[in-house]
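Everything on this sheet refers to the single structure shown next.
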Amino acid sequence: MVVSEGIQPMGISAGPYSGKPNPHAWMSADNALIYVDNIRDALVKYDPPHADTYRRNAEAYKEKIRQTMAPLQARLAQLPADKRWLVTSEGAFSYLARDYGLRELYLWPINADQQGTPQQVRKVIDTMKKERIPTIFSESTISDKPARQVAREAGAHYGGVLYVDSLSAADGPVPTGSTCCASPPKPSSTVSRTG
C-alpha cells in the first residue's frame, strides 16, 4: 500500500536539498483526503467483509478534516492576499502555504539544517521588517531560540510552537493528527499585520 499515491510532491526550494521532494505533504488538508482514500481502498481490498465500515469511517474522517480546516480558511480569507505570510524555523509548511495562498518564509528548508546561515537569518529578519510581518513560529521538535532571536531583531512576536513532525502529549494541544490545525492562530494577530 502506498498511501501517497496521487499526491503531487513539492520540491524543496533552497539549500543542499533543493529540488528534492518536501516530505511534509501531510500538512495539506487536500493531501490528507487523498491519504484517507488510499488507506480506505487498501483496507477494503484486504478485508472485504468490513468494506462498508471502512467506507463510512473514511467519509466521517474526511468530513472531520474539512471541518477542522474551515476556520483557518475563513480567517485567512479575511486578509488581503499580500498580507498572508507564514514565518517559521523550518520550511515544513509549503503544502499548507500553497493550499491557502500563504507566502512562506523560513530560516532553513528542513530540520537537517537546524541552524540557519547568517544570510538566511538576515533575509528573514529583513523581510519581516519590510513586509511588517508580526509573528514567527518554531516547530515542536527543535529549539525555539532561533525563532525568538529573529522575533527580537525584527521587532516581531514569537508565536509559539507548531506541530509538524510530532504530536503533543495526550493532554496537550495536538494529541492526534486530526487536531494539528484545530486551533489555528488568528491571522489578524499572528499571520500578518497591516499598514
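Only a single criterion out of (1) surrounded by 14 or more Cβ atoms within 10 Å (Cβ to Cβ); (2) in contact (Cβ under 8 Å) with a residue 60 or more places away in the chain; (3) at negative phi is not satisfied by GLY15, namely (3).
Residue-wise test of (1) under 21 Å from ALA156 (Cα atoms); (2) buried (at least 18 other Cβ atoms within 10 Å of the Cβ); (3) of a type in the set (D, E, K, R).
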position	(1), (2), (3)
LYS64	no, no, yes
GLN73	no, no, no
PRO80	yes, no, no
VAL87	yes, yes, no
GLU90	yes, yes, yes
ALA97	yes, yes, no
TYR106	yes, yes, no
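Taking the stretch 18-33 as the range and being touching an Asp or Glu at 6+ places or on another chain (Cβ under 8 Å) and either assigned to a helix (DSSP H, G or I) or surrounded by fewer than 18 Cβ atoms within 10 Å (Cβ to Cβ) (or both) as the test, the residues that pass are ALA29, ASP30. The set of residues in the stretch 127-141 being touching a residue at least 12 places away in the same chain (Cβ under 8 Å) and out of contact with any strand residue (DSSP E or B) (no Cβ under 7 Å at 6 or more places or on another chain) consists of LYS129, ARG132, THR141.
No lab work stands behind these numbers, since they all come straight from the coordinates. Note that the coordinates shown come from a computational prediction; the quantities given were computed from them, not determined experimentally. In this analysis, Cβ positions are derived from the backbone assuming ideal geometry, glycine residues included, and neighbour counts consider all displayed protein chains.
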